[in-house]
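Enquirer: Take a look at this one; I'll ask things after.
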Amino acid sequence: MTQLFSVLSAEEKLRIQKRVAVMLQETEEKVAELFPVWEAIILGGLLKLVRNRIRYNALYNFILQKPIPIESIEGYVGDSEAKFDLDEIMHFGEGMMSILIPDKKSAIAMLLSRDLGCKSSSVLKGLTLFFGLYGYKLKQTDYPALKDWKAYSAFFLAMKSDFNALCSGKIQYAISDILLLSDILKVDPMIVLAYSDESETHADRSTGLMQRITLPMLLSVVAVVLVGAFAIWYTTFRSDTDAENVTETEEIIPLDSLSKLNDSLTQAVLDSNRLKSDSLITLVWPSGKPFDISKSSVLVSIHQYLIDSTQLESAEFSLKELQFDNQTDLLLASNDLVFKRLAEGLYAFKDVHVKLVVNSGKNERSSLKRGFVLKNRLVGEGVVPVRIEVKSDDPSVTFSDSDSEVYMVITKKPLLK
């Protein structure tokens, strides 16, 4: 029999309860009430990945490559005398949250602050902390579940009933709805109603709805439909006489002006087509759909190399179109099209191995961070993580004198293990 899903043990929760209450400026009783709710939200995010292979790959790569602040986490949940860096834990938790519950934070914070009587900022801070603490547990304890997608699904589906046990009936249905878990959890709405403070039953609600549908309401709906239908008929099928009357009241364009206008429009179309043909090129991956890309894009060279079956040697490509922020080491632009098309090419040629060699111009840690940013983007598009290697230097790649450079080395053979 498996234990109830948890981020921390009961003893650890007691040790940090006061510490979390001080951080959030909430009472210890309120913090104790929020602990299992935060755990339920984390479990819900993990369950969503059971049907999302791309996000599973992103989580796998994040846990595998992202340094975990082990000392800070152990110090935070351990003895009160131990030193820890709370910002380090929170930053790691934000990374976990961006994978498991993207774009859901605000809705969850509003729900819990309203139904549990606490500040929305407290909900977000505590949830971020718990995501960081669970990332540590996922690496230390639950890591075998990440070995492949099938093992991951079996491991966490076995805990789906824990969601209801952790999250009270008062709010479990709302959180399930925010996280889109109804197809996985199969939450019974009657359970929620049994815990609700409202005395209205499901049947009462249906009866009340029928009572509110009155004859005047039905007549109003029919009238709106008829008016709409007449407006469509009038604008589409009105007579030629009406059209002539309208034309007579409009300004008549002189014939020579009309000819000049047509010539100008024709020239504009020709100029647009010429500009497009000069700057874009159409490519297509095997068994894929054609797509337009800038002739200066590195995808043109990579496409030419991959489809040339006579090219058997490794080749390196400079990714100059990918620019990084010098302070954060994150991409300055999303470049979604480049990553999407590149991932399609790597999917079409499954026998190639990719090595990302990065020089940030600062230090090795900065270079590796940029490399893993690129790898995470490709993994997010569906590329298997083991096909992509990240290095800060490589004897086969010669960097020029520029401050920051990224090279992609592609090898047309399976990765040797």
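The values are calculated or read from the model by the stated rules, or taken from the named source; none is laboratory data. Keep in mind that what you see is a predicted model, and the values were worked out from it rather than measured. In this analysis, Cβ positions are derived from the backbone assuming ideal geometry, glycine residues included, and neighbour counts consider all displayed protein chains. For the accessible areas, the whole protein counts, side chains as well, though only heavy atoms, and no ligand, DNA or RNA atoms are used. Shrake-Rupley method; radii C 1.70, N 1.55, O 1.52, S 1.80 Å.
Enquirer: Across 5 Å bins from 0, what is the distribution of all Cα-Cα pair distances for the stretch 57-147, in whole percents?
Expert: Percent of pairs per bin, in order: 3, 14, 22, 21, 17, 14, 8, 1, 0.
Enquirer: So if R0 is 35 Å, what FRET efficiency would Ala151 and Ile281 give, r being the distance between their Cβ atoms, rounded to the nearest 0.05?
Expert: In this case the efficiency is close to 0.25.
Enquirer: Cross-link list Lys119/Lys375; Lys125/Lys320; Lys105/Lys413; Lys289/Lys355; Lys150/Lys320: which exceed 32 angstrom alpha carbon to alpha carbon?
Expert: Pairs exceeding the cut-off: Lys119/Lys375; Lys125/Lys320; Lys105/Lys413; Lys150/Lys320.
Enquirer: Which ³J(HN,Hα) values, rounded to whole Hz and listed in residue order, are derived for the stretch 315-330 from phi using the Karplus coefficients 6.51, -1.76 and 1.60 in 6.51 cos²θ - 1.76 cosθ + 1.60 with θ = phi - 60°, glycine and proline given as x?
Expert: In residue order, the calculated couplings are 9, 10, 10, 7, 9, 5, 6, 9, 10, 10, 6, 5, 8, 9, 6, 9 Hz.
Enquirer: Further question: If I stretch the segment between Ser113 and Arg51 completely, what's the gain in nm (0.36 nm per residue apart, minus their alpha carbon distance), one decimal?
Expert: Numbers: separation 62, 0.36 × 62 = 22.32 nm, distance 2.94 nm.
Using 0.36 nm per residue and subtracting the Cα-Cα distance, I get 19.4 nm.
Enquirer: Note the full-extension length gain between Asp87 and Phe317 as 0.36 nm times their separation in residues minus their Cα-Cα distance, in nm to one decimal.
Expert: Working it through step by step, the gained length comes to 79.1 nm.
Enquirer: In nm, what is the difference between 0.36 nm times the number of residues separating Lys413 and Ala223 and their Cα-Cα distance?
Expert: Values: separation 190, 0.36 × 190 = 68.40 nm, distance 6.93 nm.
Answer, rounded to one decimal: 61.5 nm.
Enquirer: Within a Cβ distance under 13 Å of Met408, other residues only, what is the Lys/Arg minus Asp/Glu net charge?
Expert: Summing Lys and Arg as +1 and Asp and Glu as -1 gives +2.
Enquirer: At a 1.4 Å probe, what is the % contribution of carbon and sulfur to the accessible area of the stretch 96-179?
Expert: 56 percent
Enquirer: In whole Hz, with x marking every Gly and Pro, tabulate ³J(HN,Hα) for the stretch 113-118 from phi via Karplus 6.51 cos²θ - 1.76 cosθ + 1.60, θ = phi - 60°.
Expert: 5, 6, 7, 10, x, 9
Enquirer: Continuing with this model, one more query. Around Lys289, with a cut-off of 14 angstrom between Cβ atoms, what is the net charge of the other residues, counting Lys and Arg +1 and Asp and Glu -1? Don't skip to the end; give the middle numbers.
Expert: Numbers: positive: Lys340, Arg341; negative: Asp292, Glu344.
Summing Lys/Arg as +1 and Asp/Glu as -1 gives 0.
Enquirer: Here's something else I'd like to know. Could you do me a favour and compute the accessible area per residue for the stretch 1-146, 1.4 Å probe, result in Å²?
Expert: On a per-residue basis, the stretch 1-146 sits at 47 Å².
Enquirer: Keeping the other protein chains in place, figure out the carbon and sulfur percent of the accessible area of the stretch 1-76, with a 1.4 Å probe.
Expert: 51 percent
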